[in-house]
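Below is one structure, written out as structure tokens; the observations come after it.
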Amino acid sequence: MKNLLTDIAGVRVGHAHDEKLASGATAIVFDQPAVAAIDVRGGGPGTREDALLDLANTVERVDAIALSGGSAFGLETGGGVQAWLAEQGRGFRVREALIPIVPGAILFDLLNGGDKAWGRFPPYRDLGYAAAASAGTDFAIGSVGAGLGATTANFKGGLGSASAVTSNGIKVAAIAAVNAVGSVTVGDGPWFWAAPFEVGGEFGGRGLPDTFTDDMLKMRIKGGPAASPRENTTIGLVVTDATLTKAQAKRLAMIGQTGFARAIYPVHAPTDGDVLFAAATCEKPIDPIVGLTEVGMVAANVVARAIARGVYSATVLPFAGALPSWKDRFG
């Protein structure tokens with residue numbers, strides 16, 4: 001176990017980003033189509049192919065998931081991932097036609113100091129293609145891919161990942177790009193809200209404060225009262241090797257979203273776009289009630305850990321006025 005999403009067999013992750021742009025993309029590619037669903041709880045989401053994942057609709061499996069910066073411009077990331085998959089002969093077959101199925105979600109990083117004067121067409125389709133082409137079983141976390149330009153209320157955001165195994169040997173793992181309107185730390189740190197779920201000092205081992213003061217619990221959000229509904233979001237994916245139906249994957253996404261609440265304060269705000277995908281590679285059968293409940297419980301834990309690891313591992317953007325990273329402040 002590498003404490004990464006790719007601890008699930010048949011899952012690969014690739015990043016592509018542009019330091020000058022201060023934005024990027026992450027592609028999660030499944031070796032075989034995976035059962036998938038989505039749960040959206042933020043007030044300002046940006047998604048691609050989310051209707052396809054509705055339980056009433058036909059397609060049950062996806063070939064990849066695209067996560068990206070760039071706000072609505074970043075929705076083109078999925079097209080780049082789709083183009084790479086098409087070259088590999090992947091996709092949903094309709095007689096002679098193959099259509100790669102690539103849902104996606106974006107975060108807003110257009111005001112982080114990077115050069116967004118890209119001309120007529122934004123670069124996200126090309127970034128998506130490059131991310132998919134580079135996908136492998138080892139990948140970096142922190143200020144990379146979709147998390148390169150991410151921020152939170154008080155520290156640099158980033159991309160994190162974590163994994164775990166249930167008591168019955170089912171693997172569960174998550175990846176998250178953290179650009180929340182709120183804070184991932186208690187007050188101004190160094191404690192992470194996700195501390196009760198930390199494994200092996202993976203985000204500093206600071207635990208929680210002995211007591212919680214009023215100052216720690218006051219609201220910290222980007223821009224204060226002027227926060228924009230387009231500026232914030234945490235987007236991610238939780239994957240298991242359990243055998244799930246599409247409806248069960250939806251339930252997994254719903255339970256997994258509680259990991260957002262364990263790691264971010266406040267969360268699911270009108271100014272967030274919080275989205276969590278869930279996918280199953282369907283390698284191991286589970287009990288549909290107790291087994292699914294345990295997978296969901298562990299999923300919420302790994303989502304919370306992935307969020308904290310994304311902020312813990314982030315590095316500061318090289319622009320005037322950029323938010324500090326957690327490690328800049330606390331080592």
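The values are calculated or read from the model by the stated rules, or taken from the named source; none is laboratory data. Predicted model only: the values in this text are computed from it and were never measured. Note that each Cβ is placed from the backbone with ideal geometry, even for glycine, and that neighbours are counted across all protein chains shown. Heads up: the accessible areas ignore ligands, DNA and RNA and are worked out on the full protein's heavy atoms, side chains in. Shrake-Rupley method; radii C 1.70, N 1.55, O 1.52, S 1.80 Å.
Of the residues making up the stretch 312-330, at least one is of a type in the set (Phe, Trp, Tyr), surrounded by fewer than 21 Cβ atoms within 10 Å (Cβ to Cβ), in contact (Cβ under 8 Å) with a residue 12 or more places away in the chain and more than 24 Å from residue 110 (Cα to Cα).
For residue 189, are the conditions met, namely being over 30 Å from residue 214 (Cα atoms), open to solvent by less than 40 Å² (accessible area, probe 1.4 Å) and either assigned to a strand (DSSP E or B) or touching a residue at least 24 places away in the same chain (Cβ under 8 Å) (or both)?
no
On the stretch given as the stretch 269-317, residues that are out of contact with any strand residue (DSSP E or B) (no Cβ under 7 Å at 6 or more places or on another chain) and modelled with pLDDT under 95 total 3.
Scanning the stretch 66-85 for residues that are assigned to a helix (DSSP H, G or I) and either under 17 Å from residue 107 (Cα atoms) or open to solvent by less than 10 Å² (accessible area, probe 1.4 Å) (or both) gives 71, 72, 73, 74, 75, 76, 77, 78, 79, 80, 81, 85. Against the conditions (1) open to solvent by 40 Å² or more (accessible area, probe 1.4 Å); (2) aliphatic (A, V, I, L, M); (3) within 29 Å of residue 181 (Cβ to Cβ); (4) outside any helix (DSSP H, G or I), where does residue 98 fall short? Just the number, please. Of the numbered conditions (1) open to solvent by 40 Å² or more (accessible area, probe 1.4 Å); (2) aliphatic (A, V, I, L, M); (3) within 29 Å of residue 181 (Cβ to Cβ); (4) outside any helix (DSSP H, G or I), the odd one out for residue 98 is (3).
For the stretch 270-287, state whether one or more residues are more than 28 Å from residue 113 (Cα to Cα) and assigned to a helix (DSSP H, G or I). No, the conditions are met nowhere in the stretch 270-287.
Pairing residues of the stretch 136-160 that are at pLDDT below 95 with residues that are surrounded by 23 or more Cβ atoms within 10 Å (Cβ to Cβ) and part of a loop (DSSP other than H, G, I, E, B), at Cβ distances under 6 Å and at least 6 apart in sequence or on separate chains, gives 153/182. Could you please let me know if residue 196 is modelled with pLDDT of 95 or more, part of a helix (DSSP H, G or I), open to solvent by 50 Å² or more (accessible area, probe 1.4 Å) and out of contact with any Asp or Glu (no Cβ under 7 Å at 6 or more places or on another chain)? For residue 196, the condition - modelled with pLDDT of 95 or more, part of a helix (DSSP H, G or I), open to solvent by 50 Å² or more (accessible area, probe 1.4 Å) and out of contact with any Asp or Glu (no Cβ under 7 Å at 6 or more places or on another chain) - is met.
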